[in-house]
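Worksheet: the structure to be examined is printed underneath.
A short reminder: the numbers here are calculations on the coordinates, not readings from a lab. Fair warning: this is a prediction, and the values are worked out from it, not measured in the lab. Neighbour counts are summed over all protein chains in view; Cβ atoms, including those assigned to glycine, are modelled from backbone coordinates with ideal geometry.
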Amino acid sequence: MNQASLAEETFGPASRLARFWQSFSSNRGALAGLGLLALVLLCALTAPWLAPHDPTEQFREALLTPPMWAEGGNPLYPLGTDDVGRCLLSRLLFGARLSLTIGALAVVLALLPGIALGLVAAFFPRGWGTAILRLMDVMLALPSLLLAIVIVAILGPGLMNAMLAVSVVVLPHYVRITRASVISEVSKDYVTAARVSGAGTLRLMFSEVLPNCAAPLIVQASLGVSTAILDAAALGFLGLGAQPPSPEWGTMLADAREFVLRAWWVVTFPGLAILVAVLAFNLMGDGLRDALDPKLKR
């Protein structure tokens, strides 16, 4: 075996992927999170086939029907119905689509400008960097939910505006993580060699430094999805996010507030759905952090 083949075997993409999976799979919590996430994604993708009814269809003869295993339950509505007779199981399955979409898009909308601002703040620390950091400090000084409420109040309630508000709220975290990672990389030899070879600022940013800062950003993005789902659910609960009759989990909790004592299922199942989704992303994020950070590998 020649040196090139040995290097490819040792440092090639397949070998790196195998080492990553070995480290990731050794974390039982991460595997549990991966399984929960796969279950939620499966429910979201197959909602039109798994849901027994249309999520907005009302069955007036079955108002507040309990789950099918409880006294008075009906097998036609496995998890019961809400106060206007809509099937809870159908709404939860379709709500998984909305919640996952909100979480993923909010992270993307925050990650892309966050990376750009973090790179600018790291490469131009005296001018633009100071201004960007002070703006991020002001945003971090405000409670995240309060800031999201203010943004939605200005833009108006709705699903898209709630998504934009959540992305603005989590933006400072990506800016600061990108800046810290870039600062730790720019003093290394490969960046100096690229500068000496005539590389411009944009090439240094996106071709040389940014790929080596991907690990903490991936971890933060996975954890950020859970934060975005929670914030979107909170806005929906306050009536500022997705509007009825959209089957969004936070909106379902808001609609069920007055029935907490006499219809436990209308509150319990949407709350459990939020818990499972957030827990899955948090466990995944912890596993990715342990697998991608060499200092944390066992």
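State the answer as a single residue: which of P270, A70, V175 lies farthest towards the positive end of the charge dipole of the chain, with beta carbon charges of +1 for Lys and Arg and -1 for Asp and Glu, about the Cα centre.
Looking along the dipole axis, the top candidate is V175.
Give me the one-decimal nm value for the distance between modelled label points at L275 and A199, 7 Å along each residue's Cα-to-Cβ direction.
4.9
Return the long-range amide H neighbours of Q243 (sequence gap of 5 or more, or a different chain), with a cut-off of under 5 Å between placed amide H atoms.
L159
Using 7 Å Cα-to-Cβ label points, what is the Q22/N212 separation (nm, one decimal)?
If labels sit at Q22 and N212, their model points lie 2.5 nm apart.
Add +1 for every Lys or Arg and -1 for every Asp or Glu among the other residues with Cβ under 14 Å from the Cβ of V266, and state the total.
Net local charge, V266 excluded: 0.
Counting each DSSP H run of 4 or more residues in the chain as -39500 (n - 2.57), what helix-only mean residue ellipticity at 222 nm follows after dividing by all residues, to the nearest 500 deg cm²/dmol?
-22500 deg cm²/dmol
Please list the radius of gyration and Dmax for the chain, considering alpha-carbon atoms only, with Å as the unit.
23.2, 77
May I ask for the distance between the Cα centers of the stretch 116-130 and the stretch 166-211, given as a whole number of Å?
Result: 10 Å between the Cα centres.
Among E208, E248, rank each residue by its count of other Cβ atoms within 10 Å, from fewest to most, as a rough exposure measure.
Exposure proxy ranking, most exposed first: E208, E248.
To make sure I understand, if each residue's beta carbon is the centre and we count other beta carbons within 10 Å, what order do S90, S99 fall in, fewest to most?
S90, S99
Most exposed first by the Cβ proxy, i.e. fewest other Cβ within 10 Å, how do R195, R86, R126 rank?
Values: R195 15, R86 24, R126 6.
Fewest to most other Cβ atoms nearby, the residues stand as R126, R195, R86.
Determine, from the Cβ-Cβ distance of Y190 and R134 and an R0 of 51 Å, the FRET efficiency 1/(1 + (r/R0)^6), rounded to the nearest 0.05.
Efficiency, rounded to the nearest 0.05: 0.95.
Please list the helices of the chain that count as membrane-span-like by this rule: a mean Kyte-Doolittle hydropathy of at least 0.0 together with Cα atoms stretching 24 Å or more along the helix axis, each helix being a complete DSSP H run.
Flagged H segments are 28-45, 88-123, 159-186, 214-237, 265-292.
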